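Chemist: Here it is: the structure, laid out below.
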Amino acid sequence: MVLEDMRDLLLTSDSPDQLFKPIRTLPIVIFLLASDVTVLITSFVLPQYYNSLDYQRHPSLYATLLYLQITLWVLTVIADQLITRKHQKSQLSGFLEFNRKIMPCMRAFLITVTSCSILLLITAAVAWDYCPRDKETCSQFVPLTPAHYVQIILSLQTCILLPVCLAYSVRIHQFNASHPLPDILEGQMVYSLSRSLPAFEDVGVRETTDDTLLEKQAEAIHFLKEHNARLSRKILSLTDQLGRYSDANV
């Protein structure tokens with residue numbers, strides 16, 4: 001009964017539009033995916049025109065492709081920080097379960113680009129040591145130049161990022177379109193906290209702490225503090241309106 005009364009009080013005091021805060025990360029993800037596709041297309045188009053460039057004034061084709069990948073990695077790091085901040089704000093607003101479920105997609109962006117960048121770095125070291133300078137290909141048995149290996153790795157990177165970005169975008173769009181209530185209003189957090197609490201006989205026995213439980217408690221406290229502040233402002237506003245109404249009737 002206490003949980004239902006608290007839920008009814010929160011719903012009547014705040015409108016759904018005030019309680020719901022959309023996660024506006026789709027432009028960032030679209031920009032990141034477009035940057036990756038641009039780097040991939042450039043890696044295939046650039047060799048067609050690179051022979052006409054002056055090698056004395058321009059870096060090699062292989063180095064240029066590596067510079068593009070480094071630029072993409074920097075953009076991915078910035079995008080990851082922006083996306084993480086927006087999801088942290090959503091968590092502090094009470095949307096805990098959704099953000100935990102979508103966390104693997106968030107981490108996949110930076111992990112994929114970083115892994116491919118490391119693979120390109122290893123490829124660059126191997127090509128520098130074992131690919132002859134006077135020949136275009138690294139081996140007579142495999143007719144591939146260092147630029148071809150970069151194209152293969154960038155293609156693999158895009159094949160991983162494309163479905164991840166699409167899955168993330170679909171879930172974010174569905175979340176923003178559904179306008180769900182915070183988890184605490186649905187009772188999910190309270191029930192999960194009660195199930196996660198240790199039994200009486202376990203108190204003082206286990207030395208390890210449940211990080212998930214502490215995180216839920218901290219986020220619940222933050223959400224309730226914000227809601228308490230909103231209630232205080234509404235009470236002051238109603239008191240002021242009541243005072244003006246009483247003065248008008250005197």
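What follows is calculated from the coordinates using simple rules that are stated; it is not laboratory data. Quick caveat: nothing in here was measured; it's all calculated off a predicted structure. Don't worry about glycine lacking a Cβ; one is built from the backbone with ideal geometry, like all the others, and counts go over all protein chains shown.
Chemist: Sorting Leu32, Leu156, Leu68 on the 10 Å Cβ count, fewest up front, what's the list?
Modeler: Exposure proxy ranking, most exposed first: Leu156, Leu68, Leu32.
Chemist: Shape call for the stretch 21-180 from the C-alpha gyration tensor, a ≥ b ≥ c root eigenvalues: rounded (a/c under 1.5), prolate (a/b greater than b/c) or oblate?
Modeler: Verdict is prolate for the stretch 21-180.
Chemist: Got a sec? How would Tyr62, Tyr67 order by Cβ neighbour count within 10 Å, fewest to most?
Modeler: Result, fewest neighbours first: Tyr67, Tyr62.
Chemist: A further question on this structure: Take Ser178, Ser43 and order them by how many other Cβ atoms sit within 10 Å, fewest up front.
Modeler: The order, fewest Cβ neighbours first, is Ser178, Ser43.
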